[in-house]
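Q: Dumping the structure here so I can ask a few things about it.
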Amino acid sequence: MSNNPLVSVYITTKNRCDLLQRAIDSVIAQTWENIEILICDDGSDDDTDELVHRYIAQYDNITYLKNDYSRGACFSRNRAIAKAKGLYITGLDDDDYFLPQRVEKLMSAFNPMYAFVCSTYIRKTNTGSKHVKDGVGKLSLSDLLHYNCVGNQVLSLTERFKQVGGFDESLPAFQDYDMWVRMLKQFGSGVKILDPLYVFDISHASERISASPRVQEGYKLFLAKHKVLMNNSHLDSMELLSTSINKNNLSIIDAIRLCNRGNYKSVINSFFKRN
């Protein structure tokens, strides 16, 4: 029996059986010995049910929750979080996967003085892979209000996920970003370590919310919800984000106007990407 504290890993999924298998395998392969896996199936009608039950027959640390009909990713995440038994918790999207030392290294880096710990990641596309390593170090609420320098997953105390009310089920996109803002607002700064421990995979044909028209509506709702926390520099960064979402060209005049210490890298990337 491991002396390590239990870490819960939630995975939400819908009709991506092949990708889900890779995600589950990556959690099973973790070097951290005390993990429970909570899979919430958002009403799949493919072979997901059969796949998960094959794992359950082999491993005793897997809990399977299935929605009667599709309720969305945030409902599914919150359902899994409510069932989590671990003192600590982290998440995984079904089309992404962990590198083997992810949980171990995040646990080593976690300190209760921080709201959460996260890591850099590998961005995998059809043309190759890139280590995305912006935002390393201490992350303040002000840092995060410029752009989502956290990413889509963190590790923290399970109770903290619950204390902020979980993921906002009313948002069609920006749910992760919104959650991290609320956690930093309530619990103070976070920390991001340099090790690339997560693979963010957009090389497949399946839809991601980040590639969906829902992101425009999510952006508007996110901005309305958190605008009260933002100063003029943050609002410039939000305008820059809107330009990127709408795939508009960024003029040199707008690039200069919107650029500040919190977003200058994003300005440079957006200018050369859109022009």
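The values are calculated or read from the model by the stated rules, or taken from the named source; none is laboratory data. Here the structure is a predicted model, which is why all the values come from computation and not from measurement. Here Cβ is always computed from backbone atoms with ideal geometry, including for glycine, and neighbour counts include all displayed protein chains.
The rows are residues; the columns are (1) in contact with a strand residue (DSSP E or B) (Cβ under 8 Å, 6 or more places away or on another chain); (2) among the acidic types (Asp, Glu); (3) without any contact (Cβ under 8 Å) to a residue 12 or more places away in the chain; (4) in a loop (DSSP other than H, G, I, E, B).
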site: ILE56; (1), (2), (3), (4): yes, no, yes, no
site: ASP68; (1), (2), (3), (4): no, yes, no, yes
site: GLY86; (1), (2), (3), (4): yes, no, no, yes
site: GLY91; (1), (2), (3), (4): yes, no, no, no
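Q: Taking the residues in the stretch 10-54 that are part of a loop (DSSP other than H, G, I, E, B) and of a type in the set (Gly, Ala, Ser) as candidates, determine which candidate is farthest from ASP176 (Cα to Cα).
A: The extreme case among them is ALA29.
Q: Could you tell me which residue of the stretch 125-135 is surrounded by the fewest Cβ atoms within 10 Å (Cβ to Cβ), considering only residues that are in a strand (DSSP E or B) and either hydroxyl-bearing (Ser, Thr, Tyr) or touching a His at 6+ places or on another chain (Cβ under 7 Å) (or both)?
A: THR125
Q: So, ARG22, is that one farther than 25 Å from GLN163 by Cα, of a type in the set (Lys, Arg) and free of Cβ contacts under 8 Å to residues at least 60 places away in the same chain or not?
A: When the stated conditions are applied, ARG22 does not pass them.
Q: Just for the stretch 207-247: of the residues that are part of a loop (DSSP other than H, G, I, E, B) and within 21 Å of ASP168 (Cβ to Cβ), which one is modelled with the highest pLDDT?
A: MET230
Q: Just checking, which of LYS185, LYS138 is at pLDDT 95 or above, among the basic types (Lys, Arg), part of a helix (DSSP H, G or I) and surrounded by fewer than 20 Cβ atoms within 10 Å (Cβ to Cβ)?
A: Matching residue, one of LYS185, LYS138: LYS185.
Q: Does SER70 meet the test of being surrounded by fewer than 19 Cβ atoms within 10 Å (Cβ to Cβ) and not assigned by TED's automatic domain parsing to the domain that holds GLY151?
A: No, not satisfied.
Q: I'd like to check something: does the stretch 105-121 contain any residue that is more than 30 Å from MET238 (Cα to Cα), part of a strand (DSSP E or B) and modelled with pLDDT of 95 or more?
A: No; the residues of the stretch 105-121 include none that is more than 30 Å from MET238 (Cα to Cα), part of a strand (DSSP E or B) and modelled with pLDDT of 95 or more.
Q: Residue under question is LYS105, and the condition is that it be surrounded by fewer than 19 Cβ atoms within 10 Å (Cβ to Cβ) and basic (Lys, Arg); does it hold?
A: No.
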